[in-house]
Structure formats: C-alpha cells, structure tokens
Amino acid sequence: MRRVAACALGGAVTALLGIQLGTAAPAQRARLENIELCNGKDRTSPDFQIEGCTALIESREEGPTTMAIAYNNRGNAYSTKQDYDRAIEDYNESIKLKPDHARAFNNRGVAYQKKHEYDRAIEDFDQSIRLDPKYAEAFANRAATYQYQGKYDRAARDYDEAIGLQPNLRGVWNGRCWTRAIIGELQAALADCNEALRREPNVAATFDSRGFTYLKMGQWDSAVADYDSALRLDPKLASSLYGRGLAKLKKGDDSGGNADLAAARTTEATVAADFARYGVQ
C-alpha cells in the first residue's frame with residue numbers, strides 16, 4: 001500500500017519544577033532527573049524515557065495528573081519502539097487517571113492505527129477532537145486513518161481542518177494533495193503538493209504524490225520527473241516505481257516501463273491492485 005502521511009503523537013506536557021538540579025536534595029534531584037527523562041529530554045533512545053516514566057510511576061508519590069502524563073509519555077516511548085500493545089496499556093491508564101486527556105486519546109488512536117484497528121483508532125480521534133476541537137494533530141491522524149479505510153472525502157475534510165488550525169503541521173499538505181488526487185480534484189491536488197514541496201523540498205512521499213497527480217492529468221513527462229525525484233530520495237518506493245512505469249509506457253518506453261513495473265511488484269506485491277483501486281491502470 002502506498003504510504004500514508006505519518007501519524008503524529010501528542011507531545012509531553014509536564015512542566016518541570018522551578019528547582020535547579022545542582023541545588024536540590026538528592027531525592028528531589030533524582031525525581032527531577034526522572035521528570036526530565038520522562039519528558040523526553042534524552043532523545044538518543046526511547047528506553048531512557050521509559051526508564052524515567054517508570055521510576056515516577058513506581059514511586060507512588062506523584063499526583064494523578066503527573067501520573068497520567070507519565071503513563072502517556074511512556075506510551076509514546078513504547079510506540080516509538082513499535083510496541084503498540086504496551087503503549088495502549090499505558091494510554092489506557094493515562095485515560096483512567098485523566099478522562100479529559102485529549103493527547104492520550106490521540107496517541108492511543110495512533111497505536112490502534114498502527115495495529116490496523118482503524119475503527120478503534122477513529123473512535124479515539126473522535127474523542128480527542130471532542131475534548132479539544134482545535135487539536136490539529138488529531139484531525140490529521142483521523143484523516144490518515146480515513147485514507148487507509150478508503151474514505152477519501154472524509155479524509156479531505158479532516159485535512160482541511162488540520163491545515164486551517166495548524167498549516168505548518170508536517171505532512172498535512174501532502175496528505176491533502178494525495179487525497180484530492182485520488183478523488184479527482186487534480187488542480188487543487190497539484191496546488192497542495194506544490195505548497196508541500198515549498199515547505200519541505202526533499203520529501204519522497206510528496207514527489208510521489210505530485211507524480212501521481214501528473215499521472216492522472218496525463219502529463220507523462222512531469223510524472224516521470226517527479227517519480228525520478230522521489231526515487232532518488234527513496235529508491236525502493238514501490239508506488240513511485242509503479243507510477244513511473246505506467247508513465248513510461250504511456251510515453252512509448254515499453255522496456256523501461258515494464259522494468260519499473262516489475263521492480264515495483266517485487267518490492268510490494270499489492271502495488272498494481274492499489275493503483276487499480278485509485279483508478280489508474
């Protein structure tokens with residue numbers, strides 16, 4: 001399946017106490033170090049975040065709000081490790097402690113989406129948005145999940161909301177470009193892809209989306225050029241190999257086109273069926 005825009009986990013929200021580590025008592029210094037680790041200060045490995053959050057959780061000395069955030073942040077770390085079942089367990093605990101925690105619902109939705117449990121993911125994104133109607137990441141994540149479900153009109157509306165709320169949110173312009181291209185709004189899709197590339201010039205998925213848009217517009221040379229750009233950045237991107245192969249065939253380059261189609265099928269067996277579902281064969 002062609003890659004969908006990445007889902008965004010909600011960030012940590014705990015505020016550190018206004019005490020300098022160097023002047024704190026040893027027990028307090030250890031607690032503050034764990035808070036910093038749980039907040040993701042050390043990005044070299046999610047294990048450090050898990051360590052800090054676990055220490056806070058197991059201390060049994062924190063209030064419910066801090067505990068809710070610690071569970072949420074540890075869930076984020078487990079999601080980074082692709083341990084989605086343990087992440088969901090932590091998000092469940094966070095929500096029990098803080099039922100109005102929009103970030104935890106969003107993050108649990110991301111974990112469910114990664115497990116391909118799309119209906120459960122949508123339920124969590126719905127609740128996250130009910131709790132925080134201006135939560136752009138939840139709209140973007142719900143849009144991406146609707147893409148996986150093939151509900152492109154709903155995805156487009158959610159991308160509209162996300163862009164209106166936070167136009168700098170990563171992936172939303174490309175996400176809407178891809179969605180609009182699938183539903184046939186090709187000029188609008190092209191404008192979105194151009195804006196996405198203006199903001200982030202070296203993203204393979206965006207060149208792939210614009211190449212797909214040009215493919216549906218019948219602009220074969222432009223499609224090949226964008227697929228070339230995508231493949232320079234990600235040489236094994238099956239959708240770009242397949243799309244470039246189709247464009248080459250349309251240009252009369254049977255040898256090059258068939259080679260690209262074969263390489264795409266080797267990389268991803270379902271790529272031809274995916275393109276057929278998008279209305280391109």
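Figures for the structure shown
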item: Restricting segment 230-270 to residues that are without any contact (Cβ under 8 Å) to a residue 24 or more places away in the chain and within 26 Å of residue 187 (Cβ to Cβ), the residue that is nearest to the chain's Cα centre (by Cα); result: 245
item: Single match in 156, 140 (criterion: closer than 27 Å to residue 195 by Cβ and touching a Cys at 6+ places or on another chain (Cβ under 9 Å)); result: 140
item: Yes/no for residue 226 being under 27 Å from residue 167 (Cβ atoms) and crowded, with 24+ Cβ neighbours inside 10 Å; result: yes
item: Candidates 252, 243 - the one that is at positive phi and either at pLDDT 95 or above or open to solvent by less than 60 Å² (accessible area, probe 1.4 Å) (or both); result: 252
item: Flag if residue 124 is open to solvent by 40 Å² or more (accessible area, probe 1.4 Å), part of a helix (DSSP H, G or I) and charged (D, E, K, R); result: no
item: Residue, modelled with the lowest pLDDT, within segment 16-65, restricted to residues that are open to solvent by less than 40 Å² (accessible area, probe 1.4 Å) and outside any helix (DSSP H, G or I); result: 24
item: The lone exception for residue 82 - which of (1) polar (S, T, N, Q); (2) surrounded by fewer than 17 Cβ atoms within 10 Å (Cβ to Cβ); (3) not in a loop (DSSP other than H, G, I, E, B) it fails; result: (3)
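The values are calculated or read from the model by the stated rules, or taken from the named source; none is laboratory data. Since the structure is predicted, the reported quantities are computational estimates derived from the model, not experimental observations. Every residue, glycine as well, gets a Cβ built from its backbone with ideal geometry; the counts of neighbours run over all protein chains shown. To get the accessible areas, we keep the full protein, side chains included, count just its heavy atoms, and leave off ligands, DNA and RNA. Shrake-Rupley method; radii C 1.70, N 1.55, O 1.52, S 1.80 Å.
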